[in-house]
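Laboratory data are not the source of any read-out in this text; all were calculated from the coordinates shown. Remember, predicted model here, so these are calculated numbers, not experimental data. Methodologically, a virtual Cβ is constructed for each residue, glycine included, from the backbone with ideal geometry; neighbour enumeration extends over all protein chains shown.
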Amino acid sequence: MSDAASELAATRRLRVAVHAADVLRRNALSRVVAAAGHIVVGAQDAADVVLADGDSPPGETRPVVALGRVDADLAGALSRDASAGQIDAAIRAVSAGLIVRAPDAMDLGFGAMRETDSRALLTPRELDVLAALAEGMTNKAIARRLNISLHTVKFHVESLFRKLGARTRTEAVAKASERRRHETIML
Amino acid sequence: MTDQADLLTQFSNALATRAEAAKSAIVAVRLRHERHITGVVWRPDLVVASEQSLPQRDDFEVVAAGGSVVAAKMAGRDPATNIAVLRLAGSIASPSIAAGEARTGAVALAIGADGTGGASARLGLVNLAGAEWHSSRGGLIDRRIVLDVRLGRREEGGPVLDAAGAYLGMSTFGPRGQVIAIPTATIERIVPLLLKDGRIARGWLGVALQAVAVPDALRESADQSSGLMVMSVVENGPAAQAGILAGDIILSVDGTSTRRFRNIAKHFGSDSIGRKADVRLIRSGAVMTVQTTIAERHAA
């Protein structure tokens, strides 16, 4: 291995402190970080990068990758529902001194409380089906997971398409995620 | 022909004069990575800027007209109205600004700081001047002012002026890069509160919510067609302590239906902190009521 290559290999595992108010989010983000081959460290431990769900801790001086927040001090800004691949890439990039901005994170902005027309609101069951669609599952697999008939799955998928104004499964997932981004209420 | 040219020249000169005059009403708020945003000199020792673009820290530096650098401390920030106030270590001579009323179709001049003590200018129209609105973070904004103006990232937070040079509001970005203004009336209302307490106290349960349709089978017992599903619960927050779980669908708070969120927002003003609230919700097919104690929302 050349010197340059061994240096790369040595820097591949990064120490990442995960900051999130919600314990489920913290666990999920810690899993993403660990699965990408990094070491999850405690909030106060020495870390190469801080991954923050929303606001980073005040006065943080280490490079921060923030989800769902953009300001000019941040080294990295991704949307709240960034993929595992984006999170890993952003962590590596900011540890190398780069600035990372996801285009959809720049779409954030000071917006109005949006309320979907009640006829277009999804039911909890439709949200379950949507989560499965987002994982790329087939109707058959969804039926098995939710313990419902194939016919019922098709019914839910059609209803999702209608309510979200989508023609394909990918489009339905994208539109639902956009809705979630704009309409999640923190109370 | 000569008359037209004169009019255009007059128009152009008037704009340039306004931009020149506005230079002393703005500062550049320095950020990392050689960047900055714009702030308005609200009083000789106070600067108002866009909360969403200011990092979470206490100490800042601003560049005033002519290029002098002044230290500033965060005096208060309110994410719900996107207003932050910085207190300057010294004072800056600034022109007094008259508040103006936005009118749809009127000319709007947006001023930004160039970072070295000068100004940049953008011209456009008030695309829409509408009624009051609620932000996604629960704040009341006195008027909806949408601008047909391009704005650079570093110009955010600068003053938006009308043709008479009156202050319509502070420029900022809405979703998808839309340029809007926070009306002067909102800034006048919020700044004194921020100077008093450093924040606008709001009630908090510690949940992220998304509107959902109530399943058909439960509509009758729930007595409403939609509610707010709990997507996540903040660890040790009031909702978590009351045993509220992700997946619960909140139907009402103290008898006020969650069908329209803005009605609920009124229940979580500064007077709500410490109050007990009855939360009616659906959990695994049954309607139940849980009592919570509203806490104070911490910074952002």
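Values computed for the structure shown
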{"item": "Normalised convex hull volume, the stretch B:246-300, alpha-carbon set, Å³ per residue", "result": "96 Å³"}
{"item": "Burial ranking of peptide ranges A:34-46, B:42-54 (average Cβ count within 10 Å, highest at the top)", "result": "B:42-54, A:34-46"}
{"item": "Proximal lysines to B:Lys276, defined as alpha-carbon separation beneath 20 angstrom and excluding residues fewer than eight positions away on the same chain", "result": "B:Lys266"}
{"item": "Rg to Rh quotient for the stretch B:1-102, alpha carbon positions, Kirkwood Rh", "result": "1.10"}
{"item": "Volume of the Cα convex hull of the stretch B:63-118, divided per residue and given in Å³", "result": "135 Å³"}
{"item": "Tail weight of P(r) past 26 Å, computed on alpha-carbon pairs of chain B, percent", "result": "52 percent"}
{"item": "Cα Rg, Dmax (largest Cα-Cα span) when computed across chain A, Å", "result": "19.3, 62"}
{"item": "Angstrom value of the Kirkwood radius, inverse mean 1/r, which spans all Cα pairs in the stretch B:214-261", "result": "11.6 Å"}
{"item": "Two-decimal ratio, the stretch A:118-183, of alpha-carbon radius of gyration to 2.2 N^0.38 Å", "result": "1.02"}
{"item": "Computed over the stretch B:203-296, the ratio Rg/Rh where both radii use C-alpha atoms and Rh is Kirkwood", "result": "0.94"}
{"item": "Relative exposure of B:Ile180, A:Ile185, B:Ile250, judged by other C-beta atoms within 10 Å (fewest first)", "result": "A:Ile185, B:Ile250, B:Ile180"}
{"item": "Dimensionless Rg over Rh [the protein assembly as shown; C-alpha; Kirkwood]", "result": "1.00"}
{"item": "Fewest-first ranking of B:Arg202, B:Arg275, using other Cβ atoms within 10 Å as the exposure measure", "result": "B:Arg275, B:Arg202"}
{"item": "Cβ charges +1 (Lys, Arg) and -1 (Asp, Glu), total dipole of the protein assembly as shown, debye", "result": "1100 debye"}
{"item": "Coarse-grained scattering of the stretch A:9-101 at q = 0.12 Å⁻¹, given as base-10 log I(q)/I(0) from a Debye sum over alpha-carbon atoms", "result": "-0.29"}
{"item": "Residues A:His156, B:His298 arranged by fewest to most Cβ contacts within 10 Å", "result": "B:His298, A:His156"}
{"item": "Relative contact order %, the stretch B:1-153, counting alpha carbon pairs below 8 Å whose residues are six or more apart", "result": "20 percent"}
{"item": "For residues of A:61-70, the mean tally of beta carbons on other chains within 10 Å", "result": "1"}
{"item": "For chain B, size of Cβ-based charge dipole, Lys and Arg +1, Asp and Glu -1, in debye", "result": "400 debye"}
